[in-house]
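Peer 1: Below you'll find the structure I mean.
Values quoted throughout were computed directly from the atomic coordinates according to the rules given, and no laboratory measurement underlies them. Just so it is clear, the structure is predicted and the values come from calculations on it, not from any experiment. Counting neighbours? That spans all protein chains shown, and the Cβs are built from the backbone with ideal geometry, glycine included.
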Amino acid sequence: MHAEHGVAVNRAAPARTPASAAVRGLLAGPTAAERRRGLSSTVPSGSRLLGLTVKGGLATVDLSSRFASGGGSASMNARLAQLVYTLTAVAGVERVNLRLEGRLVRVFSSEGLLLYQPLRRSDYAEFIP
């Protein structure tokens, strides 16, 4: 994120697990070089990847409950946008289902954001300039 909008960053990912590598990179946060460029993330540190499958254009990602902690509704929407844009940047991924601790998310965070899954880039278009 830069200011209030998402910014694409490029990172190398192993050819055999690009979706997992992309999510792990997102959860790790900005690199030192990215931070020097003023980039940040709305993803809380300590968020973990518990599982990920990709089938028929649908990525189902299972994250630790830490992913839904803290922040207000703007931060939560930005966090979801970061996740969806990250996964849909991987070849073959068009949609994303989000699970937390193994459970499909219908209401995200204490902000009560209703999720109509699968999630698509078009759901978060306002976050990319």
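Peer 1: Please report, largest first and rounded to whole Å, the three semi-axes of the ellipsoid equivalent to region 74-114, where each semi-axis is the square root of five times an eigenvalue of the C-alpha gyration tensor.
Peer 2: Computed over region 74-114, the values are 20, 13, 7 Å.
Peer 1: Express in nm, to one decimal, how much length is gained between residue 66 and residue 94 on full extension, taking 0.36 nm for each residue of separation and deducting their alpha carbon distance.
Peer 2: 7.6 nm
Peer 1: Give me, ordered by chain and number, the residues 5 or more places off residue 63 or on other chains with an amide H under 5 Å from its own placed amide H.
Peer 2: 50, 99, 100, 101, 102
Peer 1: Between residue 114 and residue 53, what FRET efficiency comes out of the Förster formula 1/(1 + (r/R0)^6) with R0 = 35 Å and r the beta carbon distance, rounded to 0.05? Walk me through the intermediate numbers first.
Peer 2: Values: r = 24 Å, r/R0 = 0.68.
My answer for the efficiency is 0.90.
Peer 1: Taking 8 Å as the Cα distance limit and 6 or more residues as the minimum spacing, I'd like the relative contact order of the chain as a percentage.
Peer 2: 25
Peer 1: For region 18-127, what is the Kirkwood hydrodynamic radius in Å, using each pair of distinct C-alpha atoms? Walk me through the intermediate numbers first.
Peer 2: Working: mean 1/r = 0.0715 Å⁻¹.
Evaluated on region 18-127, it is 14.0 Å.
Peer 1: If you don't mind, there's one more thing I want to ask. If amide hydrogens are placed 1.01 Å from N in the peptide plane, which non-local residues have theirs closer than 5 Å to the one on residue 115?
Peer 2: Result for residue 115 returns 107, 108.
Peer 1: Step through the residues of region 98-113 one at a time and calculate ³J(HN,Hα) from phi using the Karplus curve (6.51 cos²θ - 1.76 cosθ + 1.60, θ = phi - 60°), rounding each to whole Hz and writing x for Gly and Pro.
Peer 2: Couplings: 10, 10, 10, 6, x, 9, 4, 8, 9, 10, 9, 6, 6, 6, x, 6 Hz.
Peer 1: Assuming R0 = 30 Å, can you tell me the calculated FRET efficiency for the pair residue 31 and residue 128, based on Cβ-Cβ distance, to the nearest 0.05?
Peer 2: 0.90
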